[in-house]
Each structure stands twice: as C-alpha cells, then as structure tokens.
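The values are calculated or read from the model by the stated rules, or taken from the named source; none is laboratory data. Because the structure is predicted, anything quoted here is derived from the model rather than measured. Note that we place each Cβ from the backbone using ideal geometry, even for glycine, and neighbour counts take in every protein chain shown. Surface accessibility is based on the protein's heavy atoms, side chains included, excluding ligands, DNA and RNA. Shrake-Rupley method; radii C 1.70, N 1.55, O 1.52, S 1.80 Å.
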Amino acid sequence: MTEENKYNFQKINENRSSGILMHISSLPGPYGIGTLGENARKFADFLKKAGQTYWQVLPVGPTSYGDSPYQSFSTFAGNPYFIDLDYLVNDHLLYSEEIQHLNDNVNPTSIDYGRIYNERFIVLRKAFERFNINSEDFKDFCNQESFWLDEYSLFMTLKNEHGGKSWTQWDEKYKSKDKDALKSFTESHIEDINFQKFMQYIFFRQWEALKKYCHERGIKIIGDIPIYVAEDSSDVWGNPELFKLRDDLTPAFVGGCPPDAFSDSGQLRGNPVYDWEANKKQNYKWWVERIKSSFKLFDSVRIDHFRGFESYWEIVAKSETAANGKWVQGPGYDLFKVIKEELGDLPIIAEDLGYMTKEVYEFRQQTAFPGMKIIQFAFNPEMNSEHMPHNYTNEFVVYAGTHDNETLNGWLKNIDEGTLTRAIEYGNLTKEEGYDWGIIRLAMTSVADTCIIQLQDILGLDNSARMNLPGTLGTNWLWRVDQLPSDEISEKLYKYTKNSDRLNTELKK
C-alpha cells in the first residue's frame, strides 16, 4: 500500500464509530425513573469501557399526555423528572427522609408516570423553598435563557392554575395572551413562576455536569428533536402565528404519516403543522433558536421525520385516522440554508425513514446530513431493500433497530420463516453466535460511518422491553433496565467494536 493510499484509508476509517441508544428515563436507580445522577455516570463509564463513542437519547423535554418524549410542553425545556434527587440532598436542598417514600413498591423495570406526576413536584417544591433565588448563578441562567424560559414558566403556571387543561381551554384572556391579564397573573403568581424556573435551572445544571463527565471519557451525546411540537405547548401558545391555526387558535391541520410498515391507517400524531410562509417571513428565527438550543444540550442532533421538511402529510384536524391526508410542500433546503448561515455546519442526523421519493433523497443530499438505515427493514423477498448493508455508503447511521422497532430478539421471534431464512443466509447467522448478535455484527461491519445499537439488543431482551409501538397509547415509554450491563457484556461489545474498527478514537490512539 502506497503512503498516499494508506493515508486515505486511515482518513476514511477515522470516522467509524458506534454507540448505544438508551433514553435517560430507562436508566436504573431509585425513585421510579432514570435521572441525571450517578447511574448516568456509570453508564458513561460502561460506554467508555465497551469502546463506544456515542450515547444516543430521545427528546429530553417535559412530557405531556401519553408520556411520549415526542410530545412535550416545550421544545426548549428539560424534563424535571430527570432531576436527580440524591444530588439535591448533597446540595442540602432536600433531606434523605423526604424522598425515601418515593422508593416504596417501585417496579425497577417499568415507569409509573402517574405516580411520579403526583409525587415528584411536591418534593421538588421543598427543594425550591430552600433554594436562594437571589444567587448570581440562578439570575444568570434566567437571563441567558429568558427568550424561552419566561414564556414557558408562565405557561406551566397558567396550566397548573387551570387544572392541567390544554391552553386552548383556558380563560379567553389567557388563551389569547391579553397583556394586562398576563401582567396581573405574573405579579400574583411570581413564586410559582420562579418554581418553574428553578426546576429548569436544576435540570440544566445537572445536564451540563453529566455532559462534562461524558466528554472527559470521550463520550458524545446524540440528542433527538421531533419535527413537530405538541399542540399543548408553550411553543404554540407563545407563537401561534407560526402554525396553521383557526381563528379560535385550535389547529386547522395536523401532522402525521400515511399508512406504512408501522400502521395500516398511518400515524395520526395530532401536532399542529407549521405555517412555513410565516416562518420564512421571520427568517426562520424560531427554528434557528430551536436548533441552537439543541446544540447547547447535545453534541449531535437527530431530527425526527426529516422528510417532512421536503413535503409533509397534512391531515384536516379532527380526522379519525391519518389515511385521508395529503402531501404538502415543506420549506426544503431554504430552512437549512438559513440555519447554516446563522449557526455554521452542524452534525445533524436526518431521520429519513418512511415514504421516500426522489425529491426527498435529493433534499437530504443537498443538506449533506447523514441518513438512517435499519437492519430490521432489510430482508424483503427480493433482497433489494435500501436497508441491505451492501447498499450503504459511508454517509449513513445504521441501526439494528430504533426505539420504534421491536427488540432484535422480539423481531427474530415474530418474523416469518422466509424473512428469517434470508437474514440467516445473508448475515451468516448462527445459533452459536446468537442470531441477535449476528445482526449486531452486520450493522457493525457495514460501511456506514456510525452504528447505533439499542441497549435492549445488547442485553438480548425480548419485546417486553420494547420502548414504543407507534400508533398505540398507554403502554409505551415505560421500559427501564434494572441494572447496568455486566463486565461480560462490556467485553463482548468491545470485541465487536474493535473488530469492526469502530473503537472510540481515544482508544484507537
């Protein structure tokens, strides 16, 4: 090999990396849900030991009805459930006896969101009562984040005052944001508003500390933002002109997906769609701020339903299913041209799954963002799927499966005999290696620059550990791991990572 070819070969392979997908909520530990505490740091230690580069998480905003991280009260805020209570004890804002009852009869492998909603804010309020809101650090945080924090804190306080109802059901003066009414409400509820700001302050300070810990170990965090925001959010309440709403401020149209592999009737997400002309008139200011804020949290960002920027499935509000929607032109590259001009080149991953067209492919190539490939989608009868590893180029992120898929073992159990046979023959899968680890090997050894595997699949779990079944409600987003991976799992993952030349760059040196 010539020196020039050797250099080019090394240049190509230095981008090869891998990571694990697991949401913060799924971390083990006390108090019913994963947090930004010690077990998050131990998970980062596991990633380093296993030779990984990335920890991918789902959206981290405060969750609303249905508990989905893709339906948040704010695209800018953090989820107070993720605040680590033991750290608040260390900070002398709580006493250990005040939080012990939160562990009574807790299921270590499933989240009870109803219980957390009823208990967690009572405890956090006690911490707030002991907190010095006149501290310079708190004041600095509030000033730096005021462009979204003021509106969000007021929104959440108003929401609580209205018994948790959606803002479209509030008193008209608050729904329409009458200035005098909001001024009067703010003055009379300043303590409650400051409580909301306090929770955000604590979340972001704990997040920054965790991110620093990860970076010290060579671990980067991949975040996730949905293309749409929830109707019941400070984003829509505060910026109604940016969405297609009726005169009464309810959505005229909602977003979703046409019928696909996940659902015969499509996915009716119910989110208000953007008025892209109105966004453009503001030079996409809200979107620029959204992306900018995301990169304060994360090192890379995956944008869900990326194809919706090229054209999106628009459904008349109040429709029972998504089947009768229509395709409407999105902003296309014009949006990302502005984002690039304002923020520079950013490491964005385009979730380009679902119904794809020539225009969508060309749009993603224009942005130069890597797309996604899913091994579980590969083995069609013709063996010609774009998700077959031999069809990849390096500018993709490959997943064995995502949070929307079955776990590998669940998928291997449920697929028809023909699909299983094709997978076995293509991937040289053996029972000795384990079919699931054979699929992981396929993803790892592909030419895609980045490979991400769900923790459930590293642990060999079945569909009882599935994170989300699209189109269903009430049984999703509940999974937690009861303990962090063993040294044996760490060593096995390290071996697969090394053999596919994906070791963390710090370990390659």
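Just check region 1-136 against the gyration tensor rule for me: Cα atoms, a ≥ b ≥ c as the square roots of the eigenvalues, rounded for a/c under 1.5, and otherwise prolate or oblate depending on whether a/b exceeds b/c. The shape class here is prolate. Charge tally for residue 438 (other residues, Cβ to Cβ under 10 Å; Lys, Arg +1; Asp, Glu -1): -1. Accessible area per residue for the chain, computed on protein heavy atoms with a 1.4 Å probe, is 44 Å².
If you take the Cα centroid of region 234-249 and the Cα centroid of region 193-211, the two points sit 27 Å apart. Annotation for region 120-152 versus region 30-81: alpha-carbon center distance of 20 Å. Other residues with beta-carbon under 11 Å from the beta-carbon of residue 24 carry, at +1 per Lys or Arg and -1 per Asp or Glu, a net charge of 0. Per-peptide packing, taken as the mean over residues of other Cβ atoms within 10 Å, places 404-416, 132-144 in the sequence 404-416, 132-144 from highest down. Overall, the anisotropy analysis places region 173-326 in the oblate class: the square-rooted eigenvalues a ≥ b ≥ c of its C-alpha gyration tensor yield a/c not less than 1.5, with a/b not exceeding b/c. A prolate overall shape is assigned to region 306-363, the ratio a/c of its alpha-carbon gyration tensor axes (a ≥ b ≥ c) being 1.5 or greater and a/b exceeding b/c. Computing FRET efficiency as 1/(1 + (r/R0)^6) for residue 355 and residue 430, where r is the C-beta to C-beta distance and R0 is 41 Å, gives about 0.70.
Once backbone amide H atoms are built at 1.01 Å from N, residue 75 has 235 as its partners under 5 Å, excluding neighbours fewer than 5 places away on the same chain. Dividing the mean sequence gap of close Cα pairs (under 8 Å, 6+ apart) by how many residues the chain holds gives a relative contact order of 20 percent. Just so you know, the Rg over Rh for region 342-450 is 1.01, from Cα atoms, with Rh as the Kirkwood radius. A DSSP coil position with no more than 12 other Cβ atoms inside 10 Å describes the following trypsin sites (Lys or Arg not before Pro) in region 244-313: 246. Other residues with beta-carbon under 13 Å from the beta-carbon of residue 207 carry, at +1 per Lys or Arg and -1 per Asp or Glu, a net charge of +1. Extension gain for residue 337-residue 475 works out to 45.7 nm (0.36 nm per residue, less the C-alpha to C-alpha distance).
When the alpha carbon coordinates of region 416-509 are projected onto the principal axes, the ranges are 47, 34, 25 Å, largest first. Computed over protein heavy atoms with a 1.4 Å probe, the carbon and sulfur contribution to the accessible area of region 34-169 reaches 45%.
Applying the criteria of a DSSP loop state and at most 11 other Cβ atoms within 10 Å to the GluC sites (Glu not before Pro) of region 420-509 yields 432. Maximal additional length on extending the residue 295-residue 384 stretch stands at 28.4 nm, based on 0.36 nm per residue less the C-alpha distance.
Fully extending the segment from residue 126 to residue 162, taken as 0.36 nm per residue of separation minus the present Cα-Cα distance, adds 10.7 nm.
Of the cross-linked pairs 197/285; 197/326; 337/495; 48/296; 292/413, those separated by over 32 Å at the C-alpha level are 197/326; 337/495; 292/413.
What's the carbon and sulfur percent of region 259-345's accessible surface, probe 1.4 angstrom, rounded to a whole number?
Working: 1790 of 4020 Å².
In region 259-345, the share of accessible area belonging to carbon and sulfur is 44 percent.
Straight Cα distances below 18 angstrom link residue 175 to the lysines 159, 165, 183, 244, with same-chain residues fewer than 8 positions distant left out.
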